[in-house]
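Enquirer: The structure follows.
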Amino acid sequence: MDYLVIEGYKSAAEEFSKETGLGPAVDLTTIETRMHIREAVQRGDVEQAIELVNDINPDILDSNPSLHFHLLQQRLIEYIRHGQVSEALAFAQTQLAPRGEDNPEFLTELEHTMALLAFDVDNTGTPDQIVELMAQSQRLKTAGELNAAILEALNQGRETKLLAL
């Protein structure tokens, strides 16, 4: 059951609960909200994802600076992806640079992200760590990190028990 809940298979979790007679350990309505948030990140709509997370629990991002930085970094990547260079520069300056001053790890990640403006990601000479930022896998990674934080905030498991077997 936990696999279905964590991975967002609401209808399958409901059916499993009905078939086995076992009540779900969590509120199944939260699945739908988490999936809307995950889908927003996966399609590059980070702003909507942040709004939805704050609707659930504003402390999720406040208590997890690394996650908050990665969401803002993904938003910067989306500006760059859409050719919005001036917006990307302004956003990096106002939202990400101050966080980089407080955390050297964030500064390094910000520098790699800003390198997207200098490199042609279609060029074979571009470093892999720069190219990977524009890949769909980067969105999936950010969405997964966010999903895990939401599950933790809702006191649900972050990993399925199947992984522990």
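Enquirer: Suppose we keep only residues that are buried (at least 20 other Cβ atoms within 10 Å of the Cβ) and among the small types (Gly, Ala, Ser) within the range 32-87. Which one would you say is farthest from residue 132 (Cα to Cα)?
Expert: Applying the filter and picking the extreme gives 49.
Enquirer: Among the residues of the range 85-99, which ones are within 19 Å of the chain's Cα centre (by Cα) and of a type outside the set (Lys, Arg)? I'd like the intermediate steps shown before the answer.
Expert: The first filter runs over the range 85-99 and keeps only residues within 19 Å of the chain's Cα centre (by Cα), leaving 88, 91-92, 95-96, 99.
Passing the criteria: 88, 91, 92, 95, 96.
Enquirer: So which residues in the range 69-122 are touching a residue at least 24 places away in the same chain (Cβ under 8 Å), touching a Pro at 6+ places or on another chain (Cβ under 9 Å) and hydrophobic (A, V, I, L, M, F, W, C), if there are any at all?
Expert: Correct list: 106 only.
Enquirer: Residue 125 fails exactly one of the following numbered conditions: (1) under 20 Å from the mean Cα position of the chain (by Cα); (2) at pLDDT below 95. What is the number of that condition?
Expert: Status for residue 125: all satisfied but (1).
Enquirer: What is the one condition in (1) loosely packed, with under 14 Cβ neighbours inside 10 Å; (2) modelled with pLDDT of 95 or more that residue 20 does not satisfy?
Expert: Just one mismatch for residue 20, condition (2).
Enquirer: So how many residues does the range 88-119 have that are surrounded by 13 or more Cβ atoms within 10 Å (Cβ to Cβ) and not in a helix (DSSP H, G or I)?
Expert: The total comes to 2.
Enquirer: So residue 122 ticks every box in (1) open to solvent by less than 50 Å² (accessible area, probe 1.4 Å); (2) farther than 30 Å from residue 153 by Cα; (3) acidic (Asp, Glu) but one. Which box is left unticked?
Expert: Against the list (1) open to solvent by less than 50 Å² (accessible area, probe 1.4 Å); (2) farther than 30 Å from residue 153 by Cα; (3) acidic (Asp, Glu), residue 122 comes up short only on (1).
Enquirer: List the residue pairs whose Cβ atoms are under 6 Å apart, where the first residue sits in the range 123-144 and is at negative phi, the second is in a loop (DSSP other than H, G, I, E, B), and the two are 6 or more positions apart or on different chains.
Expert: So the pair list comes out as 126/119; 130/119; 131/121; 134/121.
The values are calculated or read from the model by the stated rules, or taken from the named source; none is laboratory data. Model, not experiment: these values are computed from the prediction. Don't worry about glycine lacking a Cβ; one is built from the backbone with ideal geometry, like all the others, and counts go over all protein chains shown. Heads up: the accessible areas ignore ligands, DNA and RNA and are worked out on the full protein's heavy atoms, side chains in. Shrake-Rupley method; radii C 1.70, N 1.55, O 1.52, S 1.80 Å.
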